[in-house]
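S.K.: Below you will find the structure I want to go over with you.
The values are calculated or read from the model by the stated rules, or taken from the named source; none is laboratory data. Please read these numbers as outputs of a predicted model, since none were measured by experiment. Here the Cβ positions follow ideal geometry from the backbone for every residue, glycine too, while neighbour counts run over all protein chains shown. Protein only, heavy atoms only, side chains kept; ligands, DNA and RNA dropped before computing areas. Shrake-Rupley method; radii C 1.70, N 1.55, O 1.52, S 1.80 Å.
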Amino acid sequence: MAMTRPGIERLSHVVSGRQFDREMLESIFARASALETVRDHRLDGRIMAALFYEPSTRTRLSFESAMLRLGGSVIGTEAARQFSSAVKGETLEDTVRVIDGYADVIVLRHDEAGAAERAAAVSRVPVINAGDGPGEHPTQALLDVYTIHMELGRIDGLRVALCGDMGQARTTRSLALMLSLYDNLHITFVMPETCEPSADVIDRLRERGVSFDIRHALDQAIEDIDVVYLPRVQVERYADPAERNRLEGRFRLTPELMTRVPSEAIIMTPLPRRDEIDVAVDADPRAAYFRQARNGVAIRMALLDMLLL
Amino acid sequence: MAMTRPGIERLSHVVSGRQFDREMLESIFARASALETVRDHRLDGRIMAALFYEPSTRTRLSFESAMLRLGGSVIGTEAARQFSSAVKGETLEDTVRVIDGYADVIVLRHDEAGAAERAAAVSRVPVINAGDGPGEHPTQALLDVYTIHMELGRIDGLRVALCGDMGQARTTRSLALMLSLYDNLHITFVMPETCEPSADVIDRLRERGVSFDIRHALDQAIEDIDVVYLPRVQVERYADPAERNRLEGRFRLTPELMTRVPSEAIIMTPLPRRDEIDVAVDADPRAAYFRQARNGVAIRMALLDMLLL
Amino acid sequence: MAMTRPGIERLSHVVSGRQFDREMLESIFARASALETVRDHRLDGRIMAALFYEPSTRTRLSFESAMLRLGGSVIGTEAARQFSSAVKGETLEDTVRVIDGYADVIVLRHDEAGAAERAAAVSRVPVINAGDGPGEHPTQALLDVYTIHMELGRIDGLRVALCGDMGQARTTRSLALMLSLYDNLHITFVMPETCEPSADVIDRLRERGVSFDIRHALDQAIEDIDVVYLPRVQVERYADPAERNRLEGRFRLTPELMTRVPSEAIIMTPLPRRDEIDVAVDADPRAAYFRQARNGVAIRMALLDMLLL
């Protein structure tokens with residue numbers, strides 16, 4: 001399969017959602033779509049190191065599956081802290097300089113914001129940020145936007161409801177920023193009265209001419225909508241049990257509510273879910289979240305392919 | 001190597017030893033035997049997910065070896081509980097629906113009976129039960145019966161001593177049920193006076209015309225025998241130390257006892273062993289237990305091959 | 001690539017640095033050098049089991065990378081203790097006799113001296129010692145000597161400073177013993193006054209005619225030198241804080257000290273480091289330690305290739 005590779009020259013590491021422009025996203029999505037069913041040996045002989053300072057089985061297995069489907073191999077650890085256990089204070093930089101001698105690409109999960117950037121600064125091989133604490137998780141944002149693109153065929157002009165509270169700061173913030181690359185979007189933030197979108201997101205949306213409003217319950221945001229993005233509202237963060245109960249009901253998607261969701265809309269969630277989406281919704285064709293999880297493999301195949309081929 | 005594939009149309013998941021009939025077992029054993037020394041790429045591009053909710057290194061490595069020898073690849077985790085750690089209560093079903101997007105077959109180890117069946121009910125790819133708590137461990141039963149078949153050339157008409165107490169409920173129960181598919185067997189249960197075979201096993205043996213008796217010490221069951229199956233009697237479950245000592249002596253296979261075992265008989269154990277089989281027995285050609293462990297790889301190769309090819 | 005394989009007939013297990021003679025080392029180094037950039041399928045279908053009774057991520061990933069680069073596959077566990085958890089006291093020997101049915105070579109990390117030798121005694125497949133507690137870590141010594149060979153083009157006649165205290169007993173002892181196979185060496189031990197080289201090392205050096213002296217601070221050993229081997233002095237083992245501070249300063253390599261190191265000399269450390277080598281030294285071309293870490297992959301490729309091909 002011959003593929004044009006626009007933008008490849010700019011992709012040496014994947015550390016932040018901010019590094020992508022719209023052209024780059026389209027290039028990645030085209031690659032992901034072309035690779036979705038590919039099982040070949042294009043990355044034969046290449047090794048991916050999954051360097052996880054905290055376990056994240058879902059993300060790790062998704063990356064491993066992507067690498068294996070392109071014919072590459074995987075080494076890794078979910079206990080990367082152990083690198084520094086023998087001697088308190090081995091730096092991430094030292095660890096990366098060892099691992100870049102073992103592998104052709106490093107997928108890094110870390111609990112400190114900025115870790116991926118520090119790793120990329122010293123690594124001789126490409127680094128992919130698989131989540132750096134309160135920082136970024138760019139491959140999650142990519143697979144989210146890719147899912148909208150694949151499900152609805154376009155992103156310009158869509159109406160997107162982004163649910164969440166302070167617990168989803170990273171996820172919804174990254175997604176909102178990446179969506180702002182598209183035109184004529186309207187974003188509805190659905191969050192408790194005690195939350196608000198972060199200042200940098202609001203600035204960015206204004207700068208890019210993205211209209212938005214804020215609602216405080218799910219049922220106010222599901223009728224005139226194309227995408228409902230519904231991570232769990234972490235109600236256990238609220239001290240008052242009465243408040244918790246009130247909130248839980250307001251951010252829970254039920255089959256009843258689904259009757260009001262447009263027939264062409266889609267429901268997304270980064271998973272895991274607890275009860276913010278009733279399992280009775282799963283059978284609805286608009287429930288896109290398991291397809292969304294599978295899209296994570298395609299997006300990661302595209303990134304590995306662009307970084308390594 | 002061209003192989004006939006009888007029964008393949010019935011094998012979509014492996015969740016229970018009860019799903020196999022004799023014809024199916026023979027088909028699996030023929031496949032296992034044909035694959036034993038195979039190292040090829042027939043499963044090239046296929047991915048097995050080892051989804052272990054509790055560690056079981058022996059079983060996991062055996063499955064991984066099987067998949068790799070057929071040219072497939074492996075992803076996995078021994079900490080599958082971590083899937084639900086971010087949010088208490090992610091269901092097994094949700095996890096399986098994510099993993100079936102990453103892999104072509106799921107090998108599941110879980111601590112709850114019925115977990116494999118629940119996983120199979122929602123999975124888009126084949127599920128293999130690698131042990132579900134007090135439930136079943138069908139690949140162990142398959143490799144046990146396969147070992148008898150390979151060592152002695154037949155199963156009909158054999159005299160089999162099944163040792164064990166309540167600690168081995170799952171192992172000996174599954175094996176007894178699978179053996180009942182064969183003809184003219186005689187089973188001798190060897191167990192403390194305080195134990196007895198479970199009612200469903202006795203019913204099944206009677207229904208299938210398998211004769212059996214019960215003995216209370218190993219030395220009463222080794223002379224007129226073809227197979228001695230000897231998992232460790234978990235004497236630490238007995239509160240009284242005098243009782244423990246008495247039991248330990250009665251279920252321990254020594255070189256002296258081996259002089260009374262027929263020269264064509266075989267000794268089996270699912271391993272690990274502690275002292276129920278004296279290490280001095282290991283050099284005896286009748287000690288089949290390490291060959292039995294190796295047969296686990298061949299059986300799992302056969303199952304993966306039948307499910308995926 | 002056709003390669004002569006001198007010595008291959010003697011290499012069936014790698015358990016001790018003492019099993020190598022000079023001719024054997026040269027054969028391994030030639031193989032390592034030839035394989036360094038190889039990414040092929042010569043070990044296609046072969047499986048390496050990484051059987052780690054204690055985690056050692058660096059060593060494990062280095063072995064895995066080596067195996068994968070030669071086209072082999074890997075199974076493994078960092079929790080090999082779990083093999084014996086179901087039943088207290090499963091022996092290492094039993095575990096090895098199971099694993100040798102799953103894999104074509106076993107890489108063993110254990111916390112007891114002599115474990116590798118015990119494993120090799122029962123295994124039907126080659127065993128490589130990846131560190132057995134206070135015993136040996138022969139592949140570390142091999143990669144250290146290989147690094148000197150690659151960096152400086154020779155080993156005969158070199159002046160080598162071996163730093164360390166009781167904490168590095170294993171590392172420096174193994175390295176000193178292996179270096180003693182070469183001619184006209186001079187070794188300078190750099191250690192606190194309270195330490196001395198072990199008696200067997202001194203005996204061996206005298207027997208082989210290797211001259212040596214002992215210094216108590218790094219700055220006394222860096223001017224007339226070809227190699228500075230600088231594991232961290234584990235100052236936290238010293239109770240007295242004043243003593244600790246005094247020692248720390250004496251075994252710390254700074255850019256200032258580097259001005260006195262000969263321009264052709266190299267700095268090595270087994271890593272991890274804390275502050276015994278200032279990060280400002282990293283950019284110096286004489287800082288060989290990250291190249292040394294990469295050499296670990298080449299040496300392990302050579303060993304796997306010689307054991308399995």
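S.K.: Quick one: if you stick a label point 7 Å off each Cα along the C-beta vector at A:E196 and A:D282, how many nm between them?
M.R.: 4.0 nm
S.K.: Provide a whole-number value for the mean count of partner chain Cβ atoms within 10 Å of the Cβ atoms in peptide A:59-65. Kindly include the intermediate steps, with their values, before the conclusion.
M.R.: Details: counts 0, 4, 12, 5, 2, 8, 9.
Across the residues of A:59-65, the mean count of other-chain Cβ atoms within 10 Å is 6.
S.K.: If you build the Cα gyration tensor of the range B:1-159 and take the root of 5 times each eigenvalue, what three semi-axes come out, in whole angstrom, biggest first? Walk me through the numbers before you get to the answer.
M.R.: Values: eigenvalues 156, 67, 40 Å².
Ellipsoid half-lengths, sorted descending, are 28, 18, 14 Å.
S.K.: I would also like to ask the following. For the range A:163-309, restrict the atom set to alpha-carbon positions and state the Rg and Dmax in Å.
M.R.: Rg then Dmax for the range A:163-309, in Å: 16.0, 55.
S.K.: In the range B:178-218, what trypsin sites (Lys or Arg not before Pro) fall in a loop by DSSP, with at most 14 other Cβ atoms inside 10 Å? Spell out each step's value before the answer.
M.R.: On the way: sites: B:R204, B:R206, B:R208, B:R215; in loops: B:R208.
Filter output for the range B:178-218: B:R208.
S.K.: Okay, next question. Dipole of the range C:138-293, Cα-centred, from +1 at each Lys and Arg C-beta and -1 at each Asp and Glu C-beta, to the nearest 20 debye?
M.R.: Working: 19 positive and 26 negative charges, 61 e Å.
With Lys and Arg at +1 and Asp and Glu at -1, about 300 debye.
S.K.: For the range C:47-203, what's the relative contact order in percent, using C-alpha pairs closer than 8 Å and at least 6 residues apart? Don't skip to the end; give the middle numbers.
M.R.: Details: 238 pairs, mean separation 27.5, N = 157.
18 percent.
S.K.: Then there is this: For label points placed 7 Å from Cα toward Cβ, what is the shortest-first list of nm distances from C:E26 to its copies?
M.R.: Label-point distances to the other copies, shortest first: 6.3, 6.4 nm.
S.K.: So which GluC sites (Glu not before Pro) in the range A:92-179 pass both tests, a DSSP loop state and at most 16 other Cβ atoms within 10 Å of the Cβ? Don't skip to the answer; put the middle values down first.
M.R.: Numbers: sites: A:E93, A:E112, A:E117, A:E136, A:E151; in loops: A:E112, A:E136.
Taking the range A:92-179 and a limit of 16 other Cβ atoms within 10 Å, the loop GluC sites (Glu not before Pro) found are A:E112.
S.K.: Leaving out ligands and nucleic acids, note down the accessible area per residue over chain C with a 1.4 angstrom probe, in whole Å².
M.R.: Each residue of chain C exposes 36 Å² on average to a 1.4 Å probe.
S.K.: Given charges of +1 on the Cβ of Lys and Arg and -1 on the Cβ of Asp and Glu, with all other atoms neutral, how large is the dipole of the protein assembly as shown about its Cα centre, in debye to the nearest 20?
M.R.: 1060 debye
S.K.: What's the whole-number percent of alpha carbon pairs in the range A:72-216 lying beyond 20 angstrom?
M.R.: Values: 5887 of 10440 pairs.
Distances greater than 20 Å cover 56 percent of the Cα pairs.
S.K.: Related question: Under 8 Å for C-alpha pairs, at least 6 residues apart: give me the relative contact order for the range B:138-293, rounded to a whole percent. Mind showing how you got there, number by number?
M.R.: Numbers: 255 pairs, mean separation 36.5, N = 156.
Relative contact order here is 23 percent.
S.K.: Can I ask one more? What residue of chain C has the nearest C-beta to the axis that moves C onto A, and what is that distance in Å, given as a whole number?
M.R.: C:S73, 5
S.K.: Over chain B, what number does the Rg to Rh ratio reach, with both radii from the alpha-carbon atoms and Rh per Kirkwood?
M.R.: Numbers: Rg = 19.7 Å, Rh = 20.2 Å.
Ratio of gyration radius to Kirkwood radius: 0.98.
S.K.: Which one, C:H137, C:I106, C:I202, is farthest towards the positive end of the dipole of the range C:83-214 when Lys and Arg carry +1 and Asp and Glu -1 on their Cβ?
M.R.: Comparing the listed Cα positions along the dipole, C:I106 ranks first.
S.K.: For C:R39, which inter-copy label distances result when the label point lies 7 Å beyond Cα on the Cα-to-Cβ vector, reported in nm to one decimal and in ascending order?
M.R.: Spelled out, the distances from C:R39's label point are 2.2, 2.2 nm.
S.K.: Let me ask something else about it. Mind checking A:66-73 for the average number of partner chain beta-carbons within 10 Å of each residue's beta-carbon? Spell out each step's value before the answer.
M.R.: Numbers: counts 1, 2, 9, 5, 1, 3, 2, 10.
For peptide A:66-73, the averaged partner shielding equals 4.
S.K.: Which percent of the accessible area of the range B:138-293 is formed by carbon and sulfur heavy atoms (probe 1.4 angstrom)? Can you show the working numbers first?
M.R.: Working: 2950 of 6200 Å².
C and S fraction of accessible area: 48 percent.
S.K.: Just tell me how shielded A:276-287 is by partners: mean number of partner chain Cβ atoms within 10 Å of each residue's Cβ, no decimals. Walk me through the numbers on the way to the answer.
M.R.: Working: counts 1, 0, 0, 3, 0, 0, 4, 0, 0, 0, 0, 0.
The shielding value for this peptide is 1.
S.K.: May I pose another question? Which parts of the range B:250-273, residue by residue, lose 40 Å² or more of accessible area when the rest of the protein chains are there, as against the chain isolated (1.4 Å probe)?
M.R.: B:P272, B:R273
S.K.: Provide the buried accessible surface between chains C and B in square angstrom, both chains summed, 1.4 Å probe, rounded to the nearest 100.
M.R.: On the way: alone 13410 and 13360 Å², together 24590 Å².
Chains C and B together bury roughly 2200 Å² of accessible area.
S.K.: How high is the relative contact order of chain C, given as a whole-number percent (alpha carbon pairs under 8 Å, six or more residues apart)? Walk me through the numbers before you get to the answer.
M.R.: Numbers: 565 pairs, mean separation 61.2, N = 309.
Contact order relative to length: 20 percent.
S.K.: Also, I was wondering about something else. Long-range amide H contacts for C:A287: which residues qualify at under 5 Å (H placed 1.01 Å from N, peptide plane, sequence gap of 5 or more or a different chain)?
M.R.: C:I267
S.K.: Count neighbours as other Cβ atoms within 10 Å of each site's Cβ, and list the GluC sites (Glu not before Pro) in the range C:171-247 that are DSSP loop with at most 13 such neighbours. Each step should come with its number before you reach the end.
M.R.: Working: sites: C:E193, C:E207, C:E223, C:E236, C:E243; in loops: C:E193, C:E223.
In loop regions of the range C:171-247 (DSSP not H, G, I, E or B), the sparsely surrounded GluC sites (Glu not before Pro) are C:E193, C:E223.
S.K.: While we're here: Can you list, shortest first and in nm, the gaps between the label point of B:R244 and those of its counterparts in the other copies, using a point 7 Å from Cα in the C-beta direction?
M.R.: Going from nearest to farthest copy, the values are 4.3, 4.4 nm.
S.K.: According to the square roots a ≥ b ≥ c of the eigenvalues of the Cα gyration tensor, what is the shape class of the protein assembly as shown, taking rounded for a/c under 1.5, prolate for a/b larger than b/c otherwise, and oblate for the remainder? Intermediate values should be presented prior to the final figure.
M.R.: Working: a/c = 1.85, a/b = 1.00, b/c = 1.85.
In terms of gyration-tensor shape, oblate.
S.K.: Kirkwood hydrodynamic radius (Cα pairs, Å) of the range C:237-276?
M.R.: On the way: mean 1/r = 0.0833 Å⁻¹.
Computed over the range C:237-276, the radius equals 12.0 Å.
S.K.: Using the Karplus curve 6.51 cos²θ - 1.76 cosθ + 1.60 with θ = phi - 60°, what ³J(HN,Hα) values do you get for each residue of the range A:49-63, in whole Hz, with x for Gly and Pro?
M.R.: Listing the rounded values in order: 9, 8, 9, 10, 7, 9, x, 7, 4, 4, 5, 4, 5, 5, 5 Hz.
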